[in-house]
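A.B. asks: Have a look at the structure that comes next, please.
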Amino acid sequence: MKRLLYLLIFISISLASQAQGQLQKMSPLVRRAAIAQRQMQHAAPRLRAPWLTEGEGQGSDAPGEEKPDTREICVFVRVEGDATELFSENNCRELARFDDIYIVSVPIRNLNALSMQESVLRIEAGAPCELHTDTTALVTHAQPVYTGTQLPQAYTGRGVVVGIQDVGFDLTHPTFYSSDLSDYRIRRLWDMLSVENTMYVGAEYTTQQQLLDYAHGRDGLIMAHGTHTAGIAAGSGYDTNYRGLAWESDLCLVANAVVQDTVFVDENDYYKYTSATDALGFKYIFDYAASVGKPCVISFSEGSPEYLDEDTQLYYEVLEKMTGPGRIIVSSAGNNGQVKSYFCKPVGTESAGAFLSSSAKSVNFRLKANGPFALRTTYYMDTPVVRTITSTQVFEEEKASYADTLKHETGDFVIHVDGYPSAFNPQEQFYEVLISNPARVGAVPVSIELVGADSQVEFYTFSNILTTNSRNATLNAGEYTHNINAPSAAPAVICVGMTSYRRGFLNWQGTWMQTTTITDGFREPHSSVGPTMNDRMKPDVSAPGFNIISSYNSFYREHNPSAGNASNDVKRFEFNGRTYPWTINSGTSMSSPVVGGAVALWLQANPTLTPAQVMEIISKTSRHTDTTMEYPNNYYGYGEIDVYSGLLEALKMQGMGIDHLSRHQPQAVTFTLRGQELELHFEQPLTTSAELCVYALKGALLQRKTIPFASQNVTFPLSAFPAGVYAVQINSRDAAVCGSTVIRKE
């Protein structure tokens, strides 16, 4: 029976493909664009891009007015053999190539024709990303890790490119200069939203004068996110303690398009901004770093629902090919940890389900099944109404698209189910489900059930729509798992979760903002949880991301003086006639650049580190804050990043031979380099004598000195040492002063 169903599915898809192109070769977003384009030939009003809300992106054409479809979509295409003639025949623009995977701009009207070519194996793109800032005004401040207070003096990111792909850049903020303002450290910007259109989308700005004249990204009056994340990774801090981790690194920025700033995108260009366009942004940053001969780490604080492999297979392969020695990508996990986003009805279980909780006009989710099943929806009116749609019914319909309508006084409930076989596993089928009501889906209680003991069916959503109801207490399925975003879920990308330290902060007006009870480096509950859709562990590592102080976009604050987040500013100051803020933000958006800055320090120590080696460092050196858990896990990954221990491990990979060097810096000692002298300041006079040892990085002991009892300030001359990097170890019976640091003598 199951074989017969698969045969029917194959025949159905094959017949549809003859008329509409090889839809099974397309990812869902591309498939929707191709189908919508065909529909446009028979109806004048333009269809919205699928990530837009009701009323957005509507064309101004009058009904019945015909207009040529000039829209293009940026996609990944896998081609067998030479693609040059193929692309030319279909008016496609090749934008980048990674072996047999191309990033191509395709006229949407030619998608079906392109898919019909035997040499075209796959066409894929995902929707634009969303920001990973927690917008519930959650604030804390992980000062010791974030500002670099406990980081070794020797490593500041010098000689490394830090790439930030984000939105809302203030290019004039003094934190993007060197600490003494002598060096402007933003080297490049590609603003994908710029109206100058010198690139595939937008324009690039390559000189200091161009960048400062441009002043802010095109979305800079309504966005500020990128100024904050770039400051965390690489801000100099100007005259404050709010210094990023790699504060002497070079910055290469890409201002991309996200769901929140599509107001700047012409309706004809919506499909130019996809996951493939984001991949072009990563390539732009890596290409710049290669052109100046420097290693590079990219921090990406955005993401979109992973949605199984159907949207991301080629994307993940491209990221694998793009990264390598001295080319690292880190990305935020997402803030969906408190979203009940997944459940599974296993083989042998007749049914599993839950109620839908939503005040929106529509809810959507995806299903993955390895055989026949039924989707049962129940509408709890005075008398419950049950509607059942079988997977067989879906594939019997033209285009494998089934719709059902239920009349109701608030407006019709409509359920759409689109089915398609997996492009990568012939034993699986995927289903996209949309339930809508013109008032709201929650106008009456609505439940869903997955029914059929012979098949395993999995439910996925990124909306918090699953709940329980006393009308049927047995429908209580739902887990707070499987909500890691793409591209963080990619094997080649280092995925970062969020931890928290401080309960609150004092804002610039002197008001104490109490916000959380989670401290001491424990995971913040909003941080997204693994595994990935194909059951790999994520996140990889965690870092402070809750209530982080960093630079903020002065143009945003100037144009939004009454915005609710203005109370999050901790300081405002004047520079070159403008008022600049330092502010608090929270989310895995903030955690990603912490790890990005840390990796920049490691790349300075060892410029050829690969993603696998960075993960090895993380696995060996991360801290295990929650001792009740086994590591690695789908909450913390390998644990919270330890920048200093990781630096020592990176040096060890480079050939450092000091096996007995402490992995931790002293807690009660500060080190300061002043010219030819190293100054040590102990928080309290020593209660016992201590020993100071200086090592060459190959392991040779160069000098040993006893620090007498009761000492508090000690000066150690370095004039006899040539310029270079040295390890300094303090040994003592007092644990607070024991540890090591790494110094660089100029």
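A.B. asks: Could you give the size of the charge dipole of the chain about its Cα centre, using +1 on the Cβ of each K and R and -1 on the Cβ of each D and E, expressed in debye and rounded to the nearest 20?
C.D. replies: It comes to approximately 1400 debye.
A.B. asks: Not counting ligands, DNA or RNA, and with a 1.4 Å probe, what is MET116's accessible surface area in Å² rounded to the nearest 10?
C.D. replies: My reading of the accessible area for MET116 is about 90 Å².
A.B. asks: Choose one of GLN667, VAL570, GLY637: the residue whose Cα lies farthest towards the positive end of the charge dipole of segment 551-693 (beta-carbon charges +1 Lys, Arg; -1 Asp, Glu; about the Cα centre).
C.D. replies: Towards the positive end, the residue furthest out is VAL570.
A.B. asks: Here's another thing I want to ask about it. Once both axes come from the Cα atoms, what is the angle between helix 588-605 and the longest principal axis of the chain, in degrees from 0 to 90, rounded to 10?
C.D. replies: Orientation of helix 588-605: about 50 degrees from the principal axis.
A.B. asks: Sticking with this one: Given (1) 71, 34, 27; (2) 50, 34, 23; (3) 49, 28, 25 as candidate values of semi-axes √(5λ) of the Cα gyration tensor in Å, which corresponds to the one derived from the coordinates?
C.D. replies: Answer label, from the structure shown: (3).
A.B. asks: Between LYS698 and ARG572, what FRET efficiency follows from the Cβ-Cβ distance if R0 is 45 Å, with the result rounded to 0.05?
C.D. replies: 0.40
A.B. asks: Would you mind checking the pairs LYS345/LYS538; LYS321/LYS745; LYS321/LYS345 and listing those with alpha carbons more than 28 angstrom apart?
C.D. replies: LYS321/LYS745; LYS321/LYS345
A.B. asks: Under the rule a/c < 1.5 gives rounded, and otherwise a/b versus b/c splits prolate from oblate, where does segment 307-379 land using the Cα gyration tensor?
C.D. replies: Values: a/c = 2.91, a/b = 1.87, b/c = 1.56.
In terms of gyration-tensor shape, prolate.
A.B. asks: Leaving out ligands, DNA and RNA, and with a 1.4 Å probe, what % of the accessible surface on segment 310-378 is carbon or sulfur?
C.D. replies: After summing per-atom areas, the C and S share lands at 44 percent.
A.B. asks: Given a Förster distance of 30 Å, report the FRET efficiency between ALA612 and PHE721 from their Cβ-Cβ distance, rounded to the nearest 0.05.
C.D. replies: Approximately 0.30, to the nearest 0.05.
A.B. asks: Right, something else. How would you rank 538-545, 368-375, 293-300, highest first, on the average number of other Cβ atoms within 10 Å across their residues?
C.D. replies: 538-545, 293-300, 368-375
A.B. asks: Hey, rough spin-label estimate for LEU181 and ASN241, points 7 angstrom out along Cα→Cβ, what's it come to in nanometres?
C.D. replies: Those two pseudo-labels are separated by 2.3 nm.
A.B. asks: Using a probe radius of 1.4 Å on heavy atoms only, what accessible surface per residue do you get for segment 411-542? Whole Å² is fine.
C.D. replies: 36 Å²
A.B. asks: Let me ask something else about it. Please compute the length gained on full extension between THR84 and THR392, using 0.36 nm multiplied by the number of residues separating them and subtracting their Cα-Cα distance. Write down the numbers at each step before the final one.
C.D. replies: Working: separation 308, 0.36 × 308 = 110.88 nm, distance 4.04 nm.
Taking 0.36 nm per residue and subtracting the Cα distance, the gain is 106.8 nm.
A.B. asks: Further question: Averaged per residue, what accessible surface does segment 614-710 expose to a 1.4 Å probe, in Å²?
C.D. replies: Values: 4800 Å² over 97 residues.
Heavy-atom accessible area per residue stands at 49 Å².
A.B. asks: Taking 8 Å as the Cα distance limit and 6 or more residues as the minimum spacing, I'd like the relative contact order of segment 377-430 as a percentage.
C.D. replies: 22 percent
A.B. asks: Would you mind checking the radius of gyration and Dmax of segment 212-252 based on alpha-carbon positions, in Å?
C.D. replies: Computed over the Cα atoms of segment 212-252, radius of gyration and Dmax are 11.2, 29 Å.
A.B. asks: For the chain, what is the mean residue ellipticity at 222 nm derived from helices alone (per DSSP H run of n ≥ 4: -39500 (n - 2.57); sum divided by total residues; nearest 500 deg cm²/dmol)?
C.D. replies: -5500 deg cm²/dmol
A.B. asks: Among 699-711, 474-486, 269-281, how do they line up from the highest to the lowest mean number of other beta-carbon atoms within 10 Å?
C.D. replies: 269-281, 474-486, 699-711
A.B. asks: Using 0.36 nm times the number of residues separating THR579 and GLN667, minus their current alpha carbon distance, what extension gain do you get?
C.D. replies: Values: separation 88, 0.36 × 88 = 31.68 nm, distance 3.62 nm.
Gain on stretching THR579 to GLN667: 28.1 nm.
A.B. asks: Along segment 98-107, what does the Karplus equation 6.51 cos²θ - 1.76 cosθ + 1.60 (θ = phi - 60°) give for ³J(HN,Hα), rounded to whole Hz, x for Gly and Pro?
C.D. replies: Taking θ as phi minus 60°, the curve returns 9, 6, 8, 10, 10, 9, 9, 9, 10, x Hz for segment 98-107.
A.B. asks: Pull out a ≥ b ≥ c, the square roots of the eigenvalues of the alpha-carbon gyration tensor of segment 157-305, then state rounded if a/c is under 1.5, prolate if not and a/b is larger than b/c, and oblate in the remaining case.
C.D. replies: prolate
A.B. asks: Further question: Just to make sure I understand: if all protein chains stay in place, what is the order of TRP512, TRP582, TRP247 by accessible area at 1.4 Å, largest first?
C.D. replies: TRP512, TRP247, TRP582
A.B. asks: Find how much the distance from THR198 to SER619 grows on full extension, using 0.36 nm per residue of separation minus their present alpha carbon separation; answer in nm with one decimal.
C.D. replies: Details: separation 421, 0.36 × 421 = 151.56 nm, distance 4.30 nm.
Roughly 147.3 nm would be gained on extension.
A.B. asks: For the ranges 396-408, 629-641, what's the packing order if you count other beta-carbon atoms within 10 Å of each residue, average per peptide, and put the highest first?
C.D. replies: The densest-packed peptide leads the list: 629-641, 396-408.
A.B. asks: Still on this structure, I have one more. Nearest-5 percent of antiparallel DSSP beta bridges in the chain?
C.D. replies: Close to 80 percent.
A.B. asks: Could you give the accessible area per residue of segment 297-363, probe 1.4 Å, as a whole number in Å²?
C.D. replies: 27 Å²
A.B. asks: Something else about it: For a label point 7 Å from the Cα of ALA290 along Cα→C-beta, name the residues of segment 76-117 whose backbone N is under 13 Å from it.
C.D. replies: Under 13 Å, as judged by backbone N against the label point of ALA290, lie 96-99 of segment 76-117.
A.B. asks: In whole percent, and with a 1.4 Å probe on the protein chains, what portion of the accessible area of segment 146-295 is carbon and sulfur?
C.D. replies: Ligands and nucleic acids excluded, carbon and sulfur reach 45 percent.
A.B. asks: What angle do you read, to the nearest 10 degrees and between 0 and 90, between the alpha-carbon axis of helix 275-291 and the longest principal axis of the chain?
C.D. replies: Between the helix axis and the principal axis of the chain, the angle is about 30 degrees.
A.B. asks: Now a separate question. Using r as the Cβ-Cβ distance of SER470 and CYS344, and R0 as 22 Å, what FRET efficiency do you calculate, to the nearest 0.05? Numbers along the way, then the final one.
C.D. replies: Working: r = 24 Å, r/R0 = 1.10.
Efficiency computed from Cβ-Cβ geometry: 0.35.
A.B. asks: To the nearest 20 debye, what charge dipole does segment 257-347 have about its Cα centre, counting +1 at the Cβ of each Lys and Arg and -1 at the Cβ of each Asp and Glu?
C.D. replies: It comes to approximately 420 debye.
A.B. asks: What net charge is computed for the residues neighbouring THR172, neighbours being all others with C-beta under 14 Å from the C-beta of THR172, Lys and Arg scored +1, Asp and Glu -1? Please report the intermediate quantities before stating the final value.
C.D. replies: Working: positive: ARG185, ARG557, ARG578; negative: ASP170, ASP213, GLU558, GLU574.
Overall, the nearby charge balance is -1.
A.B. asks: Give LYS272/LYS407; LYS340/LYS361; LYS283/LYS399; LYS272/LYS399 a once-over and call out the pairs whose C-alpha atoms are over 28 Å from each other.
C.D. replies: Pairs exceeding the cut-off: LYS272/LYS407; LYS283/LYS399.
A.B. asks: With angles folded into 0 to 90 degrees, how steeply does helix 2-20 sit against the dominant principal axis of the chain? Use alpha carbons for both and round to 10.
C.D. replies: Compared with the principal axis, the helix lies near 90 degrees.
A.B. asks: So what are segment 530-630's ellipsoid semi-axes, whole angstrom, largest first, if each one is the square root of 5 times an eigenvalue of the alpha-carbon gyration tensor? Could you put the intermediate results ahead of the total?
C.D. replies: On the way: eigenvalues 237, 68, 30 Å².
So the three semi-axes of segment 530-630 are 34, 18, 12 Å.
A.B. asks: Another question, then. What is the distance, in nm, between label points placed 7 Å from the Cα along the Cα-to-Cβ direction at PHE424 and at GLN712?
C.D. replies: 6.2 nm
A.B. asks: Which percent of the accessible heavy-atom area of segment 633-746 goes to carbon and sulfur, probe 1.4 angstrom?
C.D. replies: The nonpolar share, carbon plus sulfur, comes to 50 percent.
The values are calculated or read from the model by the stated rules, or taken from the named source; none is laboratory data. Predicted model only: the values in this text are computed from it and were never measured. Cβ atoms come from the backbone with ideal geometry, glycine included; neighbour counts cover every protein chain shown. Accessible surface is based on the protein model in full, side chains and every heavy atom, while ligands, DNA and RNA are left aside. Shrake-Rupley method; radii C 1.70, N 1.55, O 1.52, S 1.80 Å.
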